[in-house]
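The values are calculated or read from the model by the stated rules, or taken from the named source; none is laboratory data. Everything quoted here is computed from the prediction, not taken from an experiment. No Cβ is skipped: glycine too gets one built from the backbone with ideal geometry, and neighbour counts run over all protein chains shown. All accessible areas refer to the heavy atoms of the entire protein, side chains included, with ligands and DNA or RNA removed. Shrake-Rupley method; radii C 1.70, N 1.55, O 1.52, S 1.80 Å.
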Amino acid sequence: FAHSAFIRWGAYFYSLFTFTLHVPSALAALLALVGVAILGLASELLVFNFARRSSAPAKVIITFGLLQLLTSAAFWIFGSNPRGSTPLVTLGATEILGTPVGWNQIAEVIAAFVLVACFATFLRFTRVGLLTRATVADPSLAELVGVPVRLIGSLNWTLAAISAGVAGIFIATAGPMTIDIFYTFFVM
């Protein structure tokens, strides 16, 4: 559940950097991802690190609580007024099979494929990916054989927050946003 909050924070960070501080779009996207990565890491270290041995239902409830906390913090910091941002991709469209498709939509699909390919490569071909898979399969056994389970958890929460932040950036560039629209992503 907390990932919809990271989507929200990615969108609001991007909006803050582009629309309020007038940072160039590419740099603003990078800064937004760094901000969301810090939030993801802090969430893991301050919340889930202490709940590591909790039951699965307890962890689900904790993610819901984290969603509410991050949502309240966003409302408190950014307010309820609609916010805009500078487009990440040049405005315009092309026609694909008779349907107009915006450049932003094409960039979203490309970003999704790139993220999936990067995560698949990471999980399949790197040592840390192997350790991640081992930790997911059996955390206790992984810890017994020397896998740094806490470090793997921190890394994975950070990566998950970054991927949610990418979604937030594209949502921010789609048009004006309010705090309410992110509940749609929570439900999805």
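Against the numbered list (1) in a helix (DSSP H, G or I); (2) closer than 20 Å to V166 by Cβ; (3) at pLDDT below 90, S85 comes up short only at (1). Counting only helices (runs of 4 or more DSSP H) that sit completely within the range 1-79, those holding 2 or more residues that are of a type outside the set (A, V, I, L, M, F, W, C), closer than 28 Å to P148 by Cα and open to solvent by less than 20 Å² (accessible area, probe 1.4 Å) correspond to 25-43. None of E143, E95 is among the acidic types (D, E) and surrounded by 12 or more Cβ atoms within 10 Å (Cβ to Cβ) except E143. Of all residue pairs spaced 6 or more apart or on separate chains, those with beta-carbon atoms under 7 Å, a first member in the range 104-127 that is within 24 Å of A174 (Cα to Cα) and a second member that is small (G, A, S) and open to solvent by less than 50 Å² (accessible area, probe 1.4 Å) are L115/S163.
Cβ-Cβ contacts under 8 Å between residues 6 or more apart (or on different chains), taken from a first residue in the range 59-81 that is of a type in the set (G, A, S) and at pLDDT below 90 to a second residue that is open to solvent by 30 Å² or more (accessible area, probe 1.4 Å) and not in a helix (DSSP H, G or I), are listed as S80/T178. For the range 153-188, taking the residues that are open to solvent by less than 30 Å² (accessible area, probe 1.4 Å) and outside any helix (DSSP H, G or I), the one that is modelled with the highest pLDDT is identified as M177. A search for C-beta distances below 9 Å between a residue of the range 150-163 that is farther than 14 Å from R133 by Cβ and any residue that is open to solvent by 40 Å² or more (accessible area, probe 1.4 Å) and not in a helix (DSSP H, G or I), counting only pairs 6+ apart in sequence or on different chains, returns R150/R52. Applying the condition of being aliphatic (A, V, I, L, M) and either at pLDDT below 90 or buried (at least 16 other Cβ atoms within 10 Å of the Cβ) (or both) to the range 102-122 and asking which residue is farthest from G35 (Cα to Cα) yields A107.
Do we find that F13 is under 18 Å from R83 (Cβ atoms) and at pLDDT 95 or above in this structure? Please lay out each step first, then the result.
On the way: under 18 Å from R83 (Cβ atoms): yes; at pLDDT 95 or above: yes.
Taking the combined requirement at face value, the residue satisfies it.
In the range 131-147, the qualifying residues are those that are among the polar types (S, T, N, Q) and at pLDDT 90 or above, and the one that is nearest to R52 (Cα to Cα) is T135. All conditions in (1) farther than 11 Å from I169 by Cβ; (2) touching a residue at least 40 places away in the same chain (Cβ under 8 Å); (3) out of contact with any strand residue (DSSP E or B) (no Cβ under 8 Å at 6 or more places or on another chain) hold for I38, with the sole exception of (2).
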